[in-house]
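Values quoted throughout were computed directly from the atomic coordinates according to the rules given, and no laboratory measurement underlies them. Since we're looking at a predicted model, the values are computed, not measured. Positions of Cβ are generated from backbone atoms using ideal geometry, with glycine treated the same way; all protein chains shown enter the neighbour counts.
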């Protein structure tokens, strides 16, 4: 376990104060009457006030640049959440709901205000593990099957409880799964807003599919110009795409350093920034600033020979969505076993930069990113889409083991678990399948998740080492 210094505690304290300052400014700007009204209208706002808990939870046992990177990251995400909330407060006439598989770059270039319904299903369980269970129950009471992914169930439940902001339009797609697609039937019925559905081909990696989907994006732009006050500004879209490319340059630099042993940064410092800034805030200067800072902190550690963990004994790849309600899984695993999570499947991709030389090339580049969205790029099309990245990451990042987050609602990945075990056995990589639910602690609580990891480490990894030595 790392030695926590006064400087480490000061770093955490600094970013906690900055978070409270950002929240206070938002409250003053909104005004006391409107703030109380909004807290009553959107009860989930109370949970968002708990952001500093995550700085404490993820900083536990971590020190130096690793602790600084995570504290900085949580603060920047807090600021961007507040920016998104301002769209609800002040731009209601331009507010568009967009599915998590449809990033908001085009909406922003059209002068619209984006809001992702799934954002709360991701954020709230991190802040308060049981926060989404009331919405999941409402969803199941509406007839949604219990074994459907809890993320779309959360969206349905929040829709039924009138917890989504009123929107002038809704944009969705046929990704990533049946549950995700179906949830927007409830959104459309409840909001009564016009809905546009993007059609993504099953085999999405060839030139024909890319050209077809660029046409879908053109249709979406024309539809939005008909149903909203938004108008496409191609110069603005170019700026957004180029900013996204700059952010991606820094992330690639970070990956190169993380691939080295020992890793200078790990876990949330690698995956949480990607989860937020590439899917929710892509193309904003704040994202570039965050990744630039992460690279600087990683470089400083690398040049001084400092690793994220005091002693990195094992390196793992996390496959599938992270354990949201047990977000501190790797805090615990680092301290108990010296396990460093150097990469996850939601983060890693091999997508090229967006070509901004023409309107067509931008749409093809953006379309490629949408079609290769997290989860969807691995569970759609031929089986090679699932396994090629997996074993490429294992080799490139010197991974010792694979932790499969076996989310019970993810039927696509559940169906491939047996094949994955066989392939990992052939590749010589130990694999742990963690049974859990993304947002519902009642399926497997935190203690159950940790017990599964402990059983695997003690009876597979450590027992094998004892036998071989």
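One table, with the values for the structure above:
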{"read-out": "Mean-position separation - Cα centroids, the stretch 19-37 and the stretch 416-430, in angstrom", "value": "51"}
{"read-out": "With Cα atoms, 0 to 90° folded angle of helix 6-30 axis to the chain main axis", "value": "10"}
{"read-out": "Ranked list, fewest to most other Cβ atoms within 10 Å of each Cβ, for 440, 178", "value": "178, 440"}
{"read-out": "Approximate spin-label separation residue 223-residue 421, in nm, with each point projected 7 Å along Cα-to-Cβ", "value": "4.2"}
{"read-out": "Potential lengthening between residue 162 and residue 396 on full extension [0.36 nm per residue; Cα-Cα distance subtracted]", "value": "79.6 nm"}
{"read-out": "Estimated inter-spin distance, residue 256 and residue 300, nm [label 7 Å along Cα→Cβ]", "value": "2.1"}
{"read-out": "Residues residue 37 and residue 465, FRET efficiency given R0 of 51 Å [Cβ-Cβ distance, rounded to 0.05]", "value": "0.30"}
{"read-out": "Computed helical MRE - 222 nm, the chain, DSSP H runs ≥ 4 contributing -39500 (n - 2.57), nearest 500", "value": "-18000 deg cm²/dmol"}
{"read-out": "Fraction of antiparallel bridges per DSSP, the chain only, in percent to nearest 5", "value": "0"}
{"read-out": "Computed label-point distance, nm, for sites residue 455 and residue 207 using a 7 Å Cα→Cβ extension", "value": "5.1"}
